[in-house]
Structure formats: structure tokens, C-alpha cells
Amino acid sequence: MAPSEITLVPIPDTPAPGDAVFPRERVAQRLLWASIALSVFAFACSMVWLGITSFYITPCAFFLSVAYDITLLLLISRERKRAANQDLYATPSTQPVTDLPTLPLPPICRKPAIILSIFLLPLWVASAVINITFIGGDTKLMLPTISEVNLDGLHVLVLAKYCHLCIQERRRRMSRG
């Protein structure tokens, strides 16, 4: 394979043996952690100019995103502890995990979580667009604003991927029965 070729590997639909977390859920959790990190850095860049360059959209999006991400991570953690105590994911080795109808819908696959993540997307897009208008004029001392635009764009990509993964996982679980 040439070094310039990229091979996309699909995410499996079942957890690894001995693991209670589905691969899409694990990727979604990592995206939530990435969202927190991007939010913190974008907020820091915004606070250099006290949020004025984004008309205070970045600070609002920061607080909403971090609250959303932490709430989902706490719900995931609580459900994982409950599943470990109730042993919901334990199956005999002969029965595949996909045949279990008793698995609950994880927090990332529930409608409110998906709707709220879709609601956060326009906030970050608006923040990036408004910041771009401030970059157009004087670029002197605009490094924080340029960094904020880049972080906002990355955050939009992370949220879009997160929404896509959650919708895929919800459809897969709902079609399974």
C-alpha cells in the first residue's frame, strides 16, 4: 500500500469479548471528551477579547456544551455501573450479544441527547462565522480570534461526527428490536 492511501475501517456492531461497551459508544464517549477540550480552548481564546469578537456566542456555547457533555458522561458512567451490578451484558459464550433484547438504550442514543447535540451545532457555526467577520479587517493581534475560528470549526466537526454516530447507533439498536 502506498503511503498516501488511507484505508477506512468500519466500526464493528458488537462489543469485544469481555467488554460491555459497544464500539460506537466508546467512540462517542471519546468525542464527548474531545468536545470538552475544544470548548475549553475556544472559551479561553474568546476570553482574550472578553467574548466580544463572537458577540458572546462562544461563551454561551461553551457553557451549554460543557454542561451537555458532562451530563452525558455522568449518565453513561452511572448506566455502566448499574449494568455491572445487574450484569445486563453477561451472556453465555454460545449466544451472540446482538440477540439480547433486554439491553437498554444508552444515554447517547436517546432522542433528547441527539436533539440537544444538533441544537449545539448552529451555536458553534455562528460563533465561527461571526469571528471570521472580525478577522477580515485588522489582523494585528488577531491570533486568538483566528485560533478561536479554527477551534470552533473543529468543534463543529466533532459534534457532527458525534451526532452521526449516535443516530447510527440508535437506528441499529432500534432495528434490532
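Here is how the numbers come out for the structure above:
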item: Theoretical FRET efficiency, 1/(1+(r/R0)^6), r = Cβ-Cβ of ILE135 and LYS81, R0 41 Å, to 0.05; result: 0.35
item: Cβ-derived FRET efficiency at R0 30 Å, LEU105 paired with TRP33, nearest 0.05; result: 0.90
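Readers should treat all values here as calculations from the given coordinates under stated rules, not as data from a laboratory. Because the structure is predicted, anything quoted here is derived from the model rather than measured. Heads up, the Cβs are rebuilt from the backbone with ideal geometry, glycines too, and the neighbour counts pull from every protein chain shown.
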